[in-house]
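Student: Sharing a structure with you now.
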Amino acid sequence: MRGLGALLALALLATPALAQAPVAPPDRPLPQASQEARAQAIFEVVRCVVCQHESIADSPAGIAGDMRRLIREEIAGGATDQAIKDDLVRRYGDYVLFTPPVRTGTWLLWFGPALLVLAGGAALLAFMRRRSIETEPLSPDEERRLADLLQTETVRPDPDASPPHDGR
């Protein structure tokens, strides 16, 4: 019984330590303000590969912290902004940039929505043209029978129709 109580106490003590998520080490800004401004500008255009809808500047994910640290190291090493972006694209693919480059592999991404709108408009136009069916004119025999029906008083009014609104 004593061993069970010790085991339970140990489990209760270990639970808070297991519940805490690993925290990325805090970011260390670059010493030069101009370099840090460049880094911040790049952080805003690079997508977090875990969060996917946030830039690495806003993401609390550990990989975002690693990407920020990598960008700062490359800036401190003298790399250009384009070289840093090219390196990130090489590592993670075009998806890592919020505005991927226009090239053969990304044409669908850039022009796909416009093509969908155009295809939808063309389909709607084709559907509307197909729907308009002209009625055939009445034959002389049908016209004569219609005139006879209108001349005689045997045509019953529709009981669901409303009376004419001619001021009576």
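The values are calculated or read from the model by the stated rules, or taken from the named source; none is laboratory data. This one's a predicted model, so the numbers in the text were calculated from it and none came from an experiment. Neighbour counts are summed over all protein chains in view; Cβ atoms, including those assigned to glycine, are modelled from backbone coordinates with ideal geometry.
Student: Assess whether Gly78 counts as being closer than 30 Å to Ala37 by Cβ, assigned to a loop (DSSP other than H, G, I, E, B) and modelled with pLDDT of 85 or more.
Tutor: So Gly78 passes the test.
Student: Here are the criteria: (1) modelled with pLDDT under 90; (2) over 19 Å from the mean Cα position of the chain (by Cα); (3) polar (S, T, N, Q). Tell me which single one Gln52 does not satisfy.
Tutor: Every listed condition holds for Gln52 apart from (2).
Student: Assuming Arg47 fulfils every condition listed in (1) out of contact with any strand residue (DSSP E or B) (no Cβ under 7 Å at 6 or more places or on another chain); (2) modelled with pLDDT of 85 or more apart from one, which condition is it?
Tutor: That leaves (1) as the condition not met.
Student: Okay, moving on. What single numbered condition from (1) assigned to a loop (DSSP other than H, G, I, E, B); (2) in contact with a strand residue (DSSP E or B) (Cβ under 9 Å, 6 or more places away or on another chain) fails to hold for Ile71?
Tutor: Failing condition for Ile71: (1).
Student: Do we have any residue at all in the stretch 129-140 that's closer than 30 Å to Leu97 by Cβ and within 33 Å of the chain's Cα centre (by Cα)?
Tutor: No; the residues of the stretch 129-140 include none that is closer than 30 Å to Leu97 by Cβ and within 33 Å of the chain's Cα centre (by Cα).
Student: Hey, can you tell me all the residues within the stretch 91-138 that are acidic (Asp, Glu) and assigned to a helix (DSSP H, G or I)?
Tutor: Within the stretch 91-138, just Asp94 meets the criteria.
Student: Follow-up. Does Arg129 satisfy being surrounded by fewer than 10 Cβ atoms within 10 Å (Cβ to Cβ) and not aliphatic (A, V, I, L, M)?
Tutor: So Arg129 passes the test.
Student: In the set Gly121, Gly93, which member is of a type in the set (Gly, Ala, Ser) and under 19 Å from Cys51 (Cβ atoms)?
Tutor: Gly93
Student: Considering only residues of the stretch 60-114 that are farther than 19 Å from Ala41 by Cβ and of a type in the set (Lys, Arg), which is nearest to the chain's Cα centre (by Cα)?
Tutor: Out of the qualifying residues, it is Arg103.
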